[in-house]
Structure formats: structure tokens, C-alpha cells
Amino acid sequence: MALFKRRPVDAPDTTGAAAAFGVGMQVVVRLDRSRYPDSMIEDPVGVITAPGELVGSALYAPVVGREAIWVVHFEEPFWGLDGSGPHESARVSQRSLELAPQS
């Protein structure tokens, strides 16, 4: 299982601050695997249901400085890399979000 995937050079950037996020958008939450590099848990997919705060805590990603936090409700209950869960929703920092691929 590859942890990183190459994006074609001409593809639009769909991560973090470069992407425009908002309520109703389907997103993939890219988990911080630094402490769990061998985890086979897939990154959860969900829908942004509310804006969070500019400062505060987020699930599975430390917040550095002032960054946007979004409330994401998952398509199916999500078990954390640390075994916590199941989680139906989470507050997630914008830099951990990526727009979900179009089906």
C-alpha cells in the first residue's frame, strides 16, 4: 500500500489552503501516520457539515498557529489509528483535508 500518490503536474492542487472548502463538500481526511506508519486503516471520507474555529484542537492533527478547522461527518463510522472510535464526526484541520475524487 503506497502512502503517497503522485499527482500530474497540471492537476489542480486539492489540499490544504490552496483548495476552497465549504459546507456540503465531500472530502478525504488525510491521517497523520507519523506514529502509526504500518496502519492499514484507510483515510476516512466524509462531508463538511459546519465550519469549525480558527484556533483550537483537531482530531489526529496538531493545530499550528491559526488555521481553519472544519466539522466532518464520515460516510461510515471511522476507527482511529490509535484504536479509538468509532467516530461519526470529527473536527479536522483544513491542511488534513483533500477534496474527494469525483465519481
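Can you find, within the range 49-77, the residue that is farthest from the chain's Cα centre (by Cα) among those that are of a type in the set (A, V, I, L, M, F, W, C) and modelled with pLDDT of 90 or more? Before the answer, list the steps.
Start the filter on the range 49-77 by keeping residues that are of a type in the set (A, V, I, L, M, F, W, C), which leaves 50, 54-55, 58-59, 61, 63-64, 68-72, 74.
When the remaining residues are screened for being modelled with pLDDT of 90 or more, the result is 50, 70-72, 74.
Numbers: A50: 14, W70: 9, V71: 10, V72: 8, F74: 10 Å.
Checking each candidate, the answer is A50.
Name the residue that is nearest to V47 (Cα to Cα), counting only residues in the range 81-100 that are in contact (Cβ under 8 Å) with a residue 24 or more places away in the chain and assigned to a loop (DSSP other than H, G, I, E, B).
First, the residues of the range 81-100 that are in contact (Cβ under 8 Å) with a residue 24 or more places away in the chain: 81-82, 87, 89-100.
With the extra rule that they be assigned to a loop (DSSP other than H, G, I, E, B), the set shrinks to 81-82, 100.
Numbers: L81: 20, D82: 22, A100: 9 Å.
Taking the candidates together, the pick is A100.
Would you please list the contacts, defined by Cβ atoms under 8 Å and residues six or more apart or on different chains, that run from a residue in the range 39-52 that is free of Cβ contacts under 8 Å to residues at least 24 places away in the same chain and surrounded by fewer than 16 Cβ atoms within 10 Å (Cβ to Cβ) to a residue that is assigned to a loop (DSSP other than H, G, I, E, B) and among the hydrophobic types (A, V, I, L, M, F, W, C)?
That search, which allows pairs on different chains as well, returns D43/L31.
The values are calculated or read from the model by the stated rules, or taken from the named source; none is laboratory data. None of these values were measured; they are calculated from a predicted model. Heads up, the Cβs are rebuilt from the backbone with ideal geometry, glycines too, and the neighbour counts pull from every protein chain shown.
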